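**Q** Below you will find the structure I want to go over with you.
The values are calculated or read from the model by the stated rules, or taken from the named source; none is laboratory data. Keep in mind the model is a prediction, meaning the values are calculated, not measured. Every residue, glycine among them, receives a Cβ derived from its backbone with ideal geometry; neighbour counts consider all protein chains shown. Ligands, DNA and RNA are stripped out before the accessible areas are found, and what is left, the full protein with its side chains, is counted by its heavy atoms. Shrake-Rupley method; radii C 1.70, N 1.55, O 1.52, S 1.80 Å.
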Amino acid sequence: MFNDIGPLELVTLVVLAVLVFGPDKLPKMIQDVTRTIRKIREFSESAKDDIRSELGPEFKDFEFEDLNPKTFIRKQLDNDDLGLKEIRNGFDLKKEMAEVTDAVHGRESETPSSSSSSSSSSGSVDMTKKPEKTDPDERPPFDADAT
C-alpha cells in the first residue's frame, strides 16, 4: 500500500502527526484509524460474501480479483482447455525468424521444411525473390517509380 513512501517521507509524516495531534493524543488517533480500517475491511468482506451467496453455487469459486482485465486475460490464457500452451510451446520464434531472414536474403534454409515449401506438390508458392539471369553487359530496366 505504501510502496512508494521512502524513509525520509515516513519520518516527516510522523513528525507532522506529533506536531498536529500532540504526543498525548497521537496513540488515540492511531487506534481510531486502525479501528476504522478494520471496520472497512470487515464491511468489504461481508459485501463480498453477500454477493457470492446471491450469485448461487455455480459462482462459489468466483474471485473479485478476476474482474481486473489483466488478471482475467492471464487466467484465461493459462487455461489448458484452449490448447494454447501446446501452440505456445510448439512455436520457435528464433527458428521462424531465421527462416524469414534466409528467405529475404535469398539463401536456402537448413531446415527440411524449406525444401518442402519450395516444391510445387505441397501447394504453396515460393515467395522468395530470385535474380533473373541477365547478360553482364546489359543494363537493368529503368523504373521511373523507384527513383
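**Q** Please enumerate the residues belonging to the range 1-12 that are surrounded by 10 or more Cβ atoms within 10 Å (Cβ to Cβ) and at pLDDT below 90.
**A** The first filter runs over the range 1-12 and keeps only residues surrounded by 10 or more Cβ atoms within 10 Å (Cβ to Cβ), leaving 5, 9-12.
Residues satisfying the conditions are Ile5, Leu10.
**Q** In this structure, is Gly22 within 33 Å of the chain's Cα centre (by Cα) and open to solvent by less than 60 Å² (accessible area, probe 1.4 Å)?
**A** So Gly22 does not fit the description; no.
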